[in-house]
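S.K.: This structure is in structure tokens; I'll ask about it shortly.
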Amino acid sequence: QVHLVESGGGLVQAGGSLRLSCGASGGTFTPYAVGWFRQAPGKEREFVAGISWSGSRTNYADSVKGRFTISRDNTKNRVWLQMNKMAPEDTAVYYCAADPTLTNMPLGQAEYWGQGAQVTVSS
């Protein structure tokens with residue numbers, strides 16, 4: 001059982017940056033791919049970015065390519081999502097998730113989920 005906790009959410013102005021962090025307790029990230037998802041009010045949850053267990057592979061939703069960067073440090077049991085050039089449409093609750101494979105994540109599938117962190121981008 002892996003318990004995921006997000007941190008780093010908050011309010012930022014359009015064009016600004018924010019970094020989300022995801023930590024794992026009660027287990028380790030090492031065997032798992034980790035992804036970030038988001039859900040805006042009135043919308044379905046969507047995949048944002050994912051990283052393989054080794055960090056050698058990443059993938060991103062088209063809407064965030066070139067602006068967001070996912071990274072991980074297995075020695076620290078941490079995964080980050082660096083968000084730059086943020087826009088009001090990035091406003092959402094962001095969720096960290098872990099799964100044995102990166103392949104399933106763009107499909108919205110993951111075995112473990114965090115509670116979410118609110119990110120608000122003001123115009």
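The values are calculated or read from the model by the stated rules, or taken from the named source; none is laboratory data. Note that the coordinates shown come from a computational prediction; the quantities given were computed from them, not determined experimentally. In this analysis, Cβ positions are derived from the backbone assuming ideal geometry, glycine residues included, and neighbour counts consider all displayed protein chains. Side chains included, ligands, DNA and RNA excluded: accessible areas come from the protein's heavy atoms. Shrake-Rupley method; radii C 1.70, N 1.55, O 1.52, S 1.80 Å.
S.K.: Does segment 86-112 hold any residues that are farther than 13 Å from S52 by Cβ, over 12 Å from the mean Cα position of the chain (by Cα) and β-branched (V, I, T), and which are they?
M.R.: T91
S.K.: Pick from segment 89-117 the residues that are of a type in the set (A, V, I, L, M) and over 20 Å from A24 (Cα atoms): which of them is most open to solvent (accessible area, probe 1.4 Å)? First the steps, then the outcome.
M.R.: Taking segment 89-117 first, the residues of a type in the set (A, V, I, L, M) are 92-93, 97-98, 102, 105, 107, 110, 117.
Subsequent filtering for residues that are over 20 Å from A24 (Cα atoms) retains 92, 107.
Details: A92: 2, L107: 125 Å².
My answer is L107.
S.K.: Moving on. Would you check if P100 is modelled with pLDDT of 95 or more and either at negative phi or out of contact with any Phe, Trp or Tyr (no Cβ under 9 Å at 6 or more places or on another chain) (or both)? Talk me through it step by step, then tell me what you get.
M.R.: Numbers: modelled with pLDDT of 95 or more: no; either at negative phi or out of contact with any Phe, Trp or Tyr (no Cβ under 9 Å at 6 or more places or on another chain) (or both): yes.
No: the conditions fail for P100.
S.K.: Within segment 1-88, considering only strands (runs of 3 or more DSSP E) that don't extend past its boundaries, which have at least 2 residues that are open to solvent by less than 20 Å² (accessible area, probe 1.4 Å) and either under 20 Å from T103 (Cα atoms) or among the charged types (D, E, K, R) (or both)?
M.R.: Details: elements: 3-7, 10-13, 18-25, 33-39, 46-51, 58-60, 68-73, 78-83.
Where strands (runs of 3 or more DSSP E) fall fully within segment 1-88 and carry at least 2 residues being open to solvent by less than 20 Å² (accessible area, probe 1.4 Å) and either under 20 Å from T103 (Cα atoms) or among the charged types (D, E, K, R) (or both), they are 33-39, 46-51, 68-73, 78-83.
S.K.: Here is a further query. Only one residue in T120, T103 is more than 18 Å from V2 (Cα to Cα), assigned to a loop (DSSP other than H, G, I, E, B) and of a type in the set (V, I, T). Which one? Before you say what the answer is, go through the steps one by one.
M.R.: On the way: T120 fails: assigned to a loop (DSSP other than H, G, I, E, B).
T103 is the lone residue from the list that is more than 18 Å from V2 (Cα to Cα), assigned to a loop (DSSP other than H, G, I, E, B) and of a type in the set (V, I, T).
S.K.: Looking at segment 9-41 only, could you name the residues that are closer than 19 Å to P88 by Cβ, in contact (Cβ under 8 Å) with a residue 60 or more places away in the chain and of a type in the set (G, A, S)?
M.R.: G9, G10, A14, G15, G16, S17, listed by residue number.
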